[in-house]
């Protein structure tokens with residue numbers, strides 16, 4: 001079992017929560033990004049620097065994550081790929097992507113992109129806040145507890 005983080009846009013506070021959980025449960029973490037990232041000093045944490053380009057980090061994660069791994073990503077197409085391969089994906093705001101909800105999330109994402117392109121909607125998601133952090137911490141704990149139990 002490993003935790004993969006789509007690290008380019010992942011909030012630092014989320015990475016720190018994952019690092020603490022990694023130490024507590026002794027689960028390795030791999031950060032994947034197209035820019036050099038500072039990381040926690042731990043034998044459990046590694047980072048992969050991929051080439052700069054659209055979806056390069058996502059492709060790397062999708063190709064290397066195993067079904068027993070957890071992927072932390074806000075990228076819905078990546079989450080859909082992970083779920084389709086039998087894996088587990090968690091949004092930095094605490095929503096677990098599932099077979100039941102990932103298709104709907106993709107549709108909403110596509111619709112919002114079209115509306116933004118047409119100038120009908122401005123801006124993106126709401127600012128990341130304390131409620132998001134709490135929701136993520138709770139979801140991360142629940143998900144990792146379940147996954148560690150299944151591993152044993």
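The values are calculated or read from the model by the stated rules, or taken from the named source; none is laboratory data. It should be emphasised that the depicted structure is a prediction, and the values quoted were computed from it without experimental measurement. Because the Cβ atoms are built from the backbone with ideal geometry, glycine has one as well, and the counts that use them run over all protein chains shown.
The single residue among 32, 71, 18 that is in a strand (DSSP E or B), under 18 Å from residue 148 (Cα atoms) and within 13 Å of the chain's Cα centre (by Cα) turns out to be 71. Per the conditions (1) in a loop (DSSP other than H, G, I, E, B); (2) closer than 18 Å to residue 1 by Cβ; (3) within 15 Å of the chain's Cα centre (by Cα), the sole criterion not satisfied by residue 83 is (1). Every condition in (1) farther than 24 Å from residue 26 by Cβ; (2) loosely packed, with under 12 Cβ neighbours inside 10 Å holds for residue 138 except the one numbered (1).
Restricting attention to the stretch 104-124, does a residue exist that is surrounded by 13 or more Cβ atoms within 10 Å (Cβ to Cβ), free of Cβ contacts under 8 Å to residues at least 60 places away in the same chain and within 25 Å of residue 21 (Cβ to Cβ)?
Yes, the stretch 104-124 contains at least one residue that is surrounded by 13 or more Cβ atoms within 10 Å (Cβ to Cβ), free of Cβ contacts under 8 Å to residues at least 60 places away in the same chain and within 25 Å of residue 21 (Cβ to Cβ).
Report yes if some residue within the stretch 51-60 is surrounded by fewer than 21 Cβ atoms within 10 Å (Cβ to Cβ), under 15 Å from the mean Cα position of the chain (by Cα), modelled with pLDDT of 95 or more and not in a helix (DSSP H, G or I); otherwise report no. Among the residues of the stretch 51-60, not one is surrounded by fewer than 21 Cβ atoms within 10 Å (Cβ to Cβ), under 15 Å from the mean Cα position of the chain (by Cα), modelled with pLDDT of 95 or more and not in a helix (DSSP H, G or I), which makes the answer no. Considering (1) without any contact (Cβ under 8 Å) to a residue 60 or more places away in the chain; (2) outside any helix (DSSP H, G or I); (3) over 12 Å from the mean Cα position of the chain (by Cα), the lone condition that residue 8 does not fulfil carries the number (3).
Against the list (1) assigned to a loop (DSSP other than H, G, I, E, B); (2) at pLDDT 80 or above; (3) surrounded by fewer than 14 Cβ atoms within 10 Å (Cβ to Cβ), the condition residue 46 fails is (1). Among the residues here, residue 93 qualifies as out of contact with any strand residue (DSSP E or B) (no Cβ under 6 Å at 6 or more places or on another chain), in contact (Cβ under 8 Å) with a residue 24 or more places away in the chain and not in a helix (DSSP H, G or I). In this structure, does residue 103 turn out to be in a helix (DSSP H, G or I), modelled with pLDDT under 95 and under 20 Å from the mean Cα position of the chain (by Cα)? Answer is yes for this residue. Only a single item in (1) outside any loop (DSSP other than H, G, I, E, B); (2) farther than 25 Å from residue 22 by Cβ is not met by residue 131, and it is number (2). For the stretch 140-152, the count of residues that are part of a loop (DSSP other than H, G, I, E, B) and closer than 19 Å to residue 19 by Cβ is zero.
Of the listed requirements (1) more than 12 Å from the chain's Cα centre (by Cα); (2) surrounded by fewer than 19 Cβ atoms within 10 Å (Cβ to Cβ); (3) not in a strand (DSSP E or B), residue 77 misses just one: (1).
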